[in-house]
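The values are calculated or read from the model by the stated rules, or taken from the named source; none is laboratory data. Just so you know, these numbers come straight off a predicted model, no measurement behind them. Here the Cβ is made from the backbone with ideal geometry for all residues, glycine too, and neighbour counts use every protein chain on show.
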Amino acid sequence: MSLATAQTSKRRLSSEDTLALWKEYRRTNDRATRDRLVLTFAPLVKYIVYKKVREMPARCEVEDFISCGLEALIQSIERYDPAKGATLEQYAWTRIHGAVLDELRRQDWAPRSVRRWERDIERAADEFTTLHGRRPTQPELAESMGTTVAELRKRRDEITQSDLTSLNTLVLSDDETTIERIDTIASTDVSADPLHAAAKEQAKDKFREAFSRLPQREREVAVLLYVKNMTLAEIGEILGVSESRVCQIHGQLKKTLRTVLDDDAPLFQAVA
């Protein structure tokens, strides 16, 4: 391959060039032409996967998601219809992104039932508070939900564990090193873009500042949950309060952080 040919192959194809190549493939059904299209959009697969990598459970292999994305890319080439208005790249992006999300949901260790229980518990607690002007005790909350205290305690521990996992599980960074999920808020990759690295450091500083302003009791609960890996019942014993009260403190600290950091939401989204 000549230097000029190599440079041409590396150059990003325009939408018109891509469409022409796709039309050639549909006309000839030539496998080599389809492979050229796949190679053209293969970087798109990797980009989408690595944008989602921090949401993947620790046991998941990035290669699995890349394979899933490549399959979706091939399907998008086969099913693309230019008459519908979207470019091939736009259509492929949608198909790849959807396939990666589906695979992520499939491999998520936390069942959807855990998320459903979290919503139901919050809704029941809010309804009780509105009706009685105070937060419910654990027996009252269990009764209002038509379940037992033991079952409610089990579900709350599962919900807390899911929150803890999102901060402390190991994930792969863009350079394929293994890091804790909480460390993704700041970059340790010196080769990263300086502006992006500065934004990450700023986000970390803002989070630390917001955390330092929390009441001492809320900070204690956060440390025991996310650092010591304790259950709600264990924390309640240490702090001398009920398990229900620990859950309330945990919920309050999350709401406080969301409120305090709300103005900086674009910053955190930019570095996510």
If the Cβ limit is 6 Å and pairs must be 6+ apart or interchain, which residue in region 64-92 that is over 14 Å from V49 (Cα atoms) pairs with which residue that is outside any helix (DSSP H, G or I) and not small (G, A, S)? L88/Y80; Y91/Y80
Which residue pairs have Cβ atoms closer than 7 Å, lie 6 or more positions apart in sequence or on different chains, and pair a first residue in region 243-254 that is in contact (Cβ under 8 Å) with a residue 24 or more places away in the chain with a second residue that is not in a helix (DSSP H, G or I)? S244/T137; Q248/R135; L253/L214
Since W109 meets every condition but one in (1) under 30 Å from G251 (Cβ atoms); (2) modelled with pLDDT under 70; (3) in a helix (DSSP H, G or I), which condition does it not meet? (3)
Scope region 127-140; condition loosely packed, with under 12 Cβ neighbours inside 10 Å and in a helix (DSSP H, G or I); matching residues: T130, L131, H132
Could you check how many residues of region 198-248 are surrounded by fewer than 18 Cβ atoms within 10 Å (Cβ to Cβ), in a helix (DSSP H, G or I) and among the β-branched types (V, I, T)? 2
Which residues, counting only those in region 50-79, are assigned to a helix (DSSP H, G or I) and either farther than 24 Å from S14 by Cα or at pLDDT below 85 (or both)? Y50, K51, K52, V53, R54, E55, V62, E63, D64, F65, S67, C68
Looking at region 86-101, is at least one residue modelled with pLDDT under 85, closer than 30 Å to I159 by Cβ and touching an Asp or Glu at 6+ places or on another chain (Cβ under 8 Å)? no
